[in-house]
Amino acid sequence: MDNPIKNDLEKKSSLSQMTEEDYKIMKDIIELIKKSPNSESFKYPVDIKVNPNYLRVINFNPMDLSTIEKKLSNQEYSLVQDAINDIKLIWYNCRIYNRENSDIYAFSNDLEKLADKELEKYYIYYDKVNKSVNYKEQYEKNVYDEEAFTDPDYLEKNKSDMSENEKNFYI
């Protein structure tokens, strides 16, 4: 991608409203990521039939490149940071769900670097998703929350703290 930005003073804050130009930039970044040979596992939602515990492990907040593409096409992002957070969420979820020594974990790191390199050409942004994340601790917390699977009243006791996706999972 060509970079029309000349210096840091011309970069846009990620907290600004999404414009047509931002939507185009984000679409181009997603296309660039998809062209990487390591992106196959990130192009579409994780197959829950193949990975039945996926939604529970990643806290019911799945994200993939096709979902971001749809949100960009429908102009569902208000802020640039919202789109960046979704991109970051893909890599975060991968590192929560997969072992550190796995190929897919390494692919997520490589693709995140690629995305960051492109994003940094245009935006000054805050990495809200990955800030101070301890992946091992988060994984263990999610995987070993057995109460969600064994307590029949779990939904009733916890629904005020749950997203709609989480609530629907238990229904």
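Numbers at a glance
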quantity	calculated
Per-residue ³J(HN,Hα) for the range 16-25, Karplus 6.51 cos²θ - 1.76 cosθ + 1.60, θ = phi - 60°, Hz, x for Gly and Pro	7, 5, 5, 10, 4, 4, 5, 4, 5, 4
Charge context of Asn38, other residues only, Cβ under 9 angstrom, K/R +1, D/E -1	-3
The range 21-100: GluC sites (Glu not before Pro) in DSSP coil with no more than 14 other Cβ atoms inside 10 Å	Glu76, Glu100
Built amide H within the under 5 Å cut-off of Leu79, gap 5+	Met18
Amide proton proximity set for Ile124, modelled H, under 5 Å, gap of 5+	Lys12, Ser13, Ser14
Residue-span extension gain [Ile124 to Arg99] - 0.36 nm each, minus C-alpha spacing	5.9 nm
Phi-based couplings in Hz for the range 77-82 (Karplus 6.51, -1.76, 1.60; Gly and Pro marked x)	8, 8, 10, 4, 4, 4
Label-point separation in nm, Arg56 to Glu20, each point 7 Å along Cα→Cβ	4.8 nm
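Where a number appears in this text, it was derived from the coordinates with a stated rule and is not lab data. Since the structure is predicted, the reported quantities are computational estimates derived from the model, not experimental observations. As a convention, Cβ positions derive from the backbone with ideal geometry for all residues, glycine included, and neighbour counts pool all protein chains shown.
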